[in-house]
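The values are calculated or read from the model by the stated rules, or taken from the named source; none is laboratory data. The model shown is predicted, which means the values in this text are computed figures rather than measured ones. No Cβ is skipped: glycine too gets one built from the backbone with ideal geometry, and neighbour counts run over all protein chains shown. Ligands, DNA and RNA are stripped out before the accessible areas are found, and what is left, the full protein with its side chains, is counted by its heavy atoms. Shrake-Rupley method; radii C 1.70, N 1.55, O 1.52, S 1.80 Å.
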Amino acid sequence: MRSLFVKIGSGFTILMLLLIGTFSLYFYTHNRRLLLDYARTALLYEIEQRVERFREDIDAAKKDVLFLSNAQPVQGIVRTIENNGADPLSAKDLDQWRGELASLFIQVIGKHQRYSQIRFIGGMDRY
C-alpha cells in the first residue's frame with residue numbers, strides 16, 4: 001500500500017511540476033509578447049514624431065532658401081557678376097554686395113539655431 005502512495009505522490013508531483021512549467025512558459029511568452037508590442041508601439045510613435053519634426057525642418061529650410069534666393073544682396077551679386085563687376089541697378093560693387101550678404105547670413109543664423117553655416121553658391125562658381 002505504501003508503494004502505491006509513493007507512486008501516486010510521485011506522479012502527482014511530476015504532474016504539478018509539468019503544470020507549473022507549462023503555466024510559467026505561457027506567462028513568460030505572453031508577457032514577452034506584450035512587452036515587445038509596447039516597445040514596438042513606443043518606437044513607432046517616436047519615429048513618427050521625428051519624421052514630423054524632420055518634415056517641419058525641411059519645410060522651414062525651403063522657406064529660408066526661397067527668402068535668401070530672393071534677397072537683394074543675392075540678386076545684386078548675380079547682376080554684378082553677369083555685368084562684369086558693375087551692377088546696373090545700383091552703384092555697388094561685388095565686395096559691397098558680399099558684405100551685405102554676409103550680414104544677412106549672420107542675421108539668419110542668429111534667428112535660426114538649426115543652421116551652423118550658410119553659403120552662397122553661384123551657378124558660375126565665382127563667388
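Laid out as a table, the results:
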{"read-out": "Tally of residues being under 21 Å from ASP57 (Cβ atoms) and free of Cβ contacts under 8 Å to residues at least 40 places away in the same chain across region 72-114", "value": "8"}
{"read-out": "Scan of region 66-102 for residues that are small (Gly, Ala, Ser), under 18 Å from ARG119 (Cα atoms) and either exposed (fewer than 12 other Cβ atoms within 10 Å of the Cβ) or touching a Phe, Trp or Tyr at 6+ places or on another chain (Cβ under 6 Å) (or both), ordered by number", "value": "SER69, GLY76"}
{"read-out": "Identity of the residue in region 49-58, within 19 Å of LYS111 (Cα to Cα) and open to solvent by less than 80 Å² (accessible area, probe 1.4 Å), that ends up modelled with the highest pLDDT", "value": "ILE58"}
{"read-out": "Residues (hydrophobic (A, V, I, L, M, F, W, C) and exposed (fewer than 14 other Cβ atoms within 10 Å of the Cβ)) located in region 103-127", "value": "ILE106, ILE121, MET124"}
{"read-out": "Failed item, numbered, when ARG2 is tested on (1) more than 30 Å from GLY122 (Cα to Cα); (2) surrounded by 10 or more Cβ atoms within 10 Å (Cβ to Cβ)", "value": "(2)"}
